[in-house]
Every structure is written in C-alpha cells, then in structure tokens.
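Take a look at the structure set out below.
None of the figures in this text is laboratory data; all of them are computed from the coordinates on show. Quantities reported herein were computed from a predicted structural model and do not represent experimental measurements. Don't worry about glycine lacking a Cβ; one is built from the backbone with ideal geometry, like all the others, and counts go over all protein chains shown.
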Amino acid sequence: MDARTALIEALRWQLFWGADEAIAEAAVDRFAAPSLPASAAPASPVRALLPMDRTIPAPQARAVAIAAAAGTLDQLRQALAAFDGCPLSETATNLVFNDGNPETGLMLIGEAPGAEEDRLGKPFVGPSGQLLDRMLASIGFARDRYLITNVLPWRPPGNRSPTDAEVAVCLPFLHRQIALVRPRLVLLLGGLAAKALLGGNAGITRVRGVWRAVEVPGVEGPIPMLATYHPAYLLRSPGAKRQAWADLIALRRKWDSLH
C-alpha cells in the first residue's frame, strides 16, 4: 500500500483502541468551554485526518457542552446516539442508555454493557443482570422501582476493560443523566462505577459498603452513594455474595429511613 493508505490504516487502528487525540505542546484544559459550537467541530483531529488545531475542542469538552444542552432524558439519549467523540460507538451494535423508572429516586450505575446488553440495547439483561434482579427483588425492589444505567453506554470490543479516555468522554453524559433524574440514593455496581463517581484509585473491596456524599455537576447538594460488587463478579466469586447481601441490607435501611 502507498504511504497515505498506510497512515490512514494506522490511524484507524489507533481509533479502535481509543487513541483519538494528538499530543500538543501544552496541556489541554478539559474543563474549559468549547471554543467552537459542537456542530462546527470535527469529532477529533485524527478522525478527520486534519492537522492538530488548538481551536478544536477536546472530545471531553464537547461531551460536557452537548450533555449540558439536554433538558430531558430523551434528549440526552438522542444526544448520545449522535455523539461521535467516543470510538466505542463505532464498534458497538446498540446504544445502551438506561432501563427502569426514573421517578422513584433510586438509581443504579454499573460499568459497561456486555454482549446481551449490546444486542438488545438494554442494561443488565444478561446473566449478571438476572442475578441482580433476583438480589434486588429479595429486598423488595423490582426493576420498576429504580433506574439502572452504566458509566459507558457502549460495549467495549470483546468486553475488554474501558480506557481512561473512554470513561472520561462518557462521564459528562452520566453526570447529566444523574442531574436530570435527581436520585435520592445511588448504588454503584463494580469498581469502575465506584472510581468514576467516587474518585480515587482504591479497589472495590476497600470502598464498598460505606455511604459517601458525592457532588455531581448540575445537582444541588451531595447525593448519598453506596458501592458494592458488580453481579458479574459475584457470578465468578460466589463467596463475595455475603458482603454484597450486607450492602443490599444497608441500601434498604437507608431507603426506609428516607420514607
């Protein structure tokens, strides 16, 4: 192949693995407002095969602006479906947004869709989702009594672990979803969800079972959040179910104290 074709193929390979930004001489302020409207800027300098232009907002900055413009969950879903700043959207079969009831005040946040979720376009419908349904039903919560979603709305290829860049570009949409739902309590399922919302690098075994007051952009006042094991982990490690059960009891007690 000629040099241009080889370059394009190399860039496509980098995009597939999430490397969709060039490195500039100075650090990028990812919290700054976009310098161009989202509709006027390409998804990324690499994707558009253009030279690095510092006036083009980073994908995360575009995500913040696009998410903030959504006034309803339906608008947020449409914005996510049209968003081209995350390469996972190109390899996934379906956008997996949320499921359940957004009006109850209880929200569950997992990590990323699996194969069944990607195929059906709904979160937690595979084996781990079925286990989760049974666990929550045991404390009186059917799926119509909470809203469930993921940090990432698209399945990573081969169920690989998401990259930090993929989490960062999807997080503004999750923050906006939380702001629109305004839950009274949030249950975080798994280490990725815990790190994304609680911050820090501590593993799930160290942060689970403790209520934390978490500030979320667009929400007035902190939201109580509790981390626990992801049901997929419980399928692999049944011995951890005892701790997960203690977390569910803590969730139920906290919920009852609010009503």
Quiz item: Hey, what do the phi angles of segment 158-174 turn into as Karplus ³J(HN,Hα) couplings, whole Hz, using 6.51/-1.76/1.60 and θ = phi - 60°, x for Gly and Pro?
Solution: x, 6, 5, 5, x, 7, 4, 5, 5, 5, 4, 7, 8, 4, x, 6, 5
Exercise. Quick one: net charge around Leu226, please, counting Lys, Arg +1 and Asp, Glu -1 for every other residue with C-beta under 9 Å from its C-beta.
Key: +2
Exercise. Calculate the radius of gyration of the Cα atoms of segment 68-257 to one decimal place, then report Dmax, the largest Cα-Cα distance, as a whole number, both in Å.
Key: 15.3, 44
Quiz item: Long-range amide H contacts for Asp99: which residues qualify at under 5 Å (H placed 1.01 Å from N, peptide plane, sequence gap of 5 or more or a different chain)?
Solution: Ile148
Quiz item: What nm distance separates the two modelled labels at Asn201 and Glu116, each placed 7 Å from Cα along Cα→Cβ?
Solution: 3.5
Quiz item: How much length is gained if the chain between Val214 and Gln78 is pulled fully straight, taking 0.36 nm per residue apart and subtracting their Cα-Cα distance, in nm to one decimal?
Solution: 46.3 nm
Quiz item: Could you give the distance between the Cα centres of segment 214-229 and segment 129-193, to the whole Å?
Solution: 13
Quiz item: If Lys and Arg each add +1 and Asp and Glu each add -1, what is the summed charge of the other residues whose beta carbon sits under 14 Å from the beta carbon of Arg155?
Solution: -3
Self-check item: Residues listed by number, segment 132-152, amide nitrogen under 13 Å from Asn101 label point at 7 Å toward C-beta
Solution: 140-148
